[in-house]
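All remarks here apply to the structure that follows.
The values are calculated or read from the model by the stated rules, or taken from the named source; none is laboratory data. Remember, predicted model here, so these are calculated numbers, not experimental data. Backbone-built Cβ (ideal geometry, glycine too); neighbour counts: all protein chains shown. Protein only, heavy atoms only, side chains kept; ligands, DNA and RNA dropped before computing areas. Shrake-Rupley method; radii C 1.70, N 1.55, O 1.52, S 1.80 Å.
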Amino acid sequence: NVKNAGLIRLADPEYYVVRKNEPDLGLAGAMPPGGFRHTFFLVKSPLATSDVESMVRGAIASLDPTLPATVSTLDARVGRLLVGPRFDAALISLFATLGLLLAAIGLYGMVSYSVARRTHEIGIRMALGAEKQDVLRMVIGQGLRLVLTGVAIGIVGALAVTRFLASVLY
């Protein structure tokens, strides 16, 4: 099965036909009863893409010069299928980065507010002989407690949302 309609959608039924045995199926202009037919040729060659493209266009034009021919590489074709998922991933990354930035700003605000509230206490501690490292350790420890509390809440939330996200991924 070939996923021509995207990576998430189910593969449409396809079949491959040797053209020299069935000349009226695609290039001779036969229309199927249901409507328009798409014909794809996959060509594997050690030659450069531009050389193969000119040879394929020439071969199609020799059969019927009015046939439109779109030639692209397999990488380009697969790339078109991945445009949607790549955009979604970029958008999710953008929102995750914004969330991380907001969390960092929030943490900075909480720690600076806590230090501002405790300025007199810190001054008294230093007057009684506390070293800079001790005060810094106290402030950083308080910030780490906030971070670890947030991480624990985030893990619980992530586990709760995992089942929903599993149904969205392919």
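Here Ser45 fits the description: modelled with pLDDT of 75 or more, open to solvent by less than 70 Å² (accessible area, probe 1.4 Å) and farther than 30 Å from Leu165 by Cβ.
Each row is one residue, and each column tells you yes or no for (1) at pLDDT below 90; (2) exposed (fewer than 10 other Cβ atoms within 10 Å of the Cβ); (3) closer than 26 Å to Ile8 by Cβ.
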{"residue": "Val56", "(1), (2), (3)": "yes, no, no"}
{"residue": "Asp75", "(1), (2), (3)": "yes, yes, yes"}
{"residue": "Val111", "(1), (2), (3)": "yes, no, no"}
{"residue": "Ala127", "(1), (2), (3)": "no, yes, no"}
{"residue": "Arg137", "(1), (2), (3)": "no, no, no"}
{"residue": "Arg145", "(1), (2), (3)": "no, no, no"}
{"residue": "Ile153", "(1), (2), (3)": "no, no, no"}
{"residue": "Leu169", "(1), (2), (3)": "yes, yes, yes"}
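Taking region 113-125 as the range and being open to solvent by less than 60 Å² (accessible area, probe 1.4 Å), over 25 Å from Gly99 (Cα atoms) and small (Gly, Ala, Ser) as the test, only Gly123 passes. The residue that is nearest to Arg137 (Cα to Cα), counting only those in region 77-109 that are surrounded by 11 or more Cβ atoms within 10 Å (Cβ to Cβ), free of Cβ contacts under 8 Å to residues at least 24 places away in the same chain and of a type in the set (A, V, I, L, M), is Ala89.
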